[in-house]
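Reviewing the structure listed below.
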Amino acid sequence: MNQKFIPLSVPNLKGKELTYITHAVETEWVSTGGPYVDEFETKVAKYVNSKKAVSCQNGTSGLHIALEICNIHNNDEVIVPTLTFIAAINPVSYVGANPIFMDCDDTLTLDVKKLQLFITQGCTFKDGQLINNQTHRPIKAILVVHVFGNMADMVGIMSLATQYNLKVIEDATEALGTYYTSGKYKNKFAGTIGDVGVYSFNGNKIITTGGGGMIVSDNENYLIKAKHLTTQAKSDTLYYTHDMIGYNYRMTNLQAALGLGQMEQLETFINIKKTNYEKYQYEISMIAGLDLLKFRANTRPNYWFYALYINDIFSMNRDELITYLLSKNIQTRPIWGLISDQKPYQKSQTYQISLAKDYWQHVINLPCSSNLSSSDITYIIECLKKLVRSNLD
Ligand SMILES: *Cc1c(COP(=O)(O)O)cnc(C)c1O
């Protein structure tokens, strides 16, 4: 077999990354100081129309800081989705709070109807605080995840959050570049609608700094606190006085140099991913038993990950299809195992989780790198078409 391996999602570093990195090395600014960090922060903030941005080590540390600046701590509860990557949920545990797991809707993001049901039937709103009837603990925030680059229903979520005095933390680690094209939040980017938003620049994300993250907010005090906490909470840089327990969560100048080169190509990457998505979409719509999941209406998604739904009438189930495609040198993967099913969270509260289970059983992600070629897609489609029942004998 001569077909080269087609990976699921890999970096694309063909811009000025090497120039900037070389400059960082030549000027010997390779650690947490240096001009690229500021430049990268400014560039991201400008792109998403946020006042400012604070860089950090990765998306996970950014979410940890986001929870701290929203004052979520011990004994508090946070509403979270079960269908996500565990890095979105672990920071809730880092601050000693407890997650309450929710179902997803057909965009794979937090189901607002069930969220509302839970709030109105499972909680009591008293003295400006939402109390969980089951645990009698205060619910302080909703942590929403924009899964695969898909905007969660921020109109519904923000309206409930305002009504019930909840903070909204946006895990926009997968959704840099996604924004609303109409409605209440027209032109607002994923990550900039709630109280705090976090992006990730891990190797598989739409742009990468190797590892890295960014915190955005319209609340200047939050960002000041974020910078403080990510830099060891140093209140005097000469005498080394510290007024809080901080973290060493800073991004390095090397990472930021890479990031700057990547940011310059972000819109190009999104355009390529859109074109590839549409090609897949067109072809897959003609394959009986398979559907490519759609992104939310009235948004411009970043088209980060493509989700293929395998109907029961299809000749193979999820695991068989993954194995088959791998034998054809095509890398795919199932959605993450639901977080409420993972060992550390099996005792956590869940609320009417059903659709997430169905998607978990039926969805795989198709190769989606921005350097995926049109002939790669044609090949992948050919492999899928061979599996339609009528083509099998
Ligand atoms: C990637 C990712 C994270 C964590 O980002 P890192 O930079 O890898 O720490 C968090 N949540 C989701 C949904 C992610 O996909």
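The values are calculated or read from the model by the stated rules, or taken from the named source; none is laboratory data. It should be emphasised that the depicted structure is a prediction, and the values quoted were computed from it without experimental measurement. A quick note on method: Cβ atoms are made from the backbone with ideal geometry, for glycine too, and the neighbour counts reach across all protein chains shown. For accessibility, only protein heavy atoms count, side chains too; no ligands or nucleic acids. Shrake-Rupley method; radii C 1.70, N 1.55, O 1.52, S 1.80 Å.
Within segment 70-107, being buried (at least 24 other Cβ atoms within 10 Å of the Cβ) and closer than 28 Å to G210 by Cα holds for C70, V80, P81, T82, L83, T84, A88, I89, P91, V92. In segment 35-102, counting only strands (runs of 3 or more DSSP E) that sit wholly within it, the ones holding 1 or more residues that are in contact with an Asp or Glu (Cβ under 7 Å, 6 or more places away or on another chain) and within 16 Å of the ligand (Cβ to nearest atom) span 52-56, 98-102. Scanning segment 118-136 for residues that are open to solvent by 70 Å² or more (accessible area, probe 1.4 Å), in a loop (DSSP other than H, G, I, E, B) and farther than 24 Å from L338 by Cα turns up D127, H136. Comparison of Q361, Q349, Q342 shows that the only residue that is in contact with a Lys or Arg (Cβ under 7 Å, 6 or more places away or on another chain) and not small (G, A, S) is Q361. Exactly one residue among I193, I206, I169, I215 is of a type in the set (A, V, I, L, M), within 16 Å of the ligand (Cβ to nearest atom) and in a loop (DSSP other than H, G, I, E, B), and that residue is I206. Look at (1) under 30 Å from I381 (Cβ atoms); (2) among the aromatic types (F, W, Y); (3) over 22 Å from the mean Cα position of the chain (by Cα) and you find that Y239 fails only one, number (1).
Kindly provide the set of residues from segment 106-117 that are assigned to a helix (DSSP H, G or I) and either touching a strand residue (DSSP E or B) at 6+ places or on another chain (Cβ under 8 Å) or polar (S, T, N, Q) (or both), ordered by number. Selection gives K114, L115, Q116.
Would you confirm whether or not segment 120-133 contains a residue that is of a type in the set (G, A, S), without any contact (Cβ under 8 Å) to a residue 40 or more places away in the chain and under 29 Å from A45 (Cα atoms)? Checked segment 120-133: no residue is of a type in the set (G, A, S), without any contact (Cβ under 8 Å) to a residue 40 or more places away in the chain and under 29 Å from A45 (Cα atoms). Where in segment 284-393 are there strands (runs of 3 or more DSSP E), lying wholly inside it, with at least 1 residues that are assigned by TED's automatic domain parsing to the domain that holds F189, at pLDDT below 95 and open to solvent by less than 40 Å² (accessible area, probe 1.4 Å)? Counting at least 1 such residues, we get no strands (runs of 3 or more DSSP E) at all.
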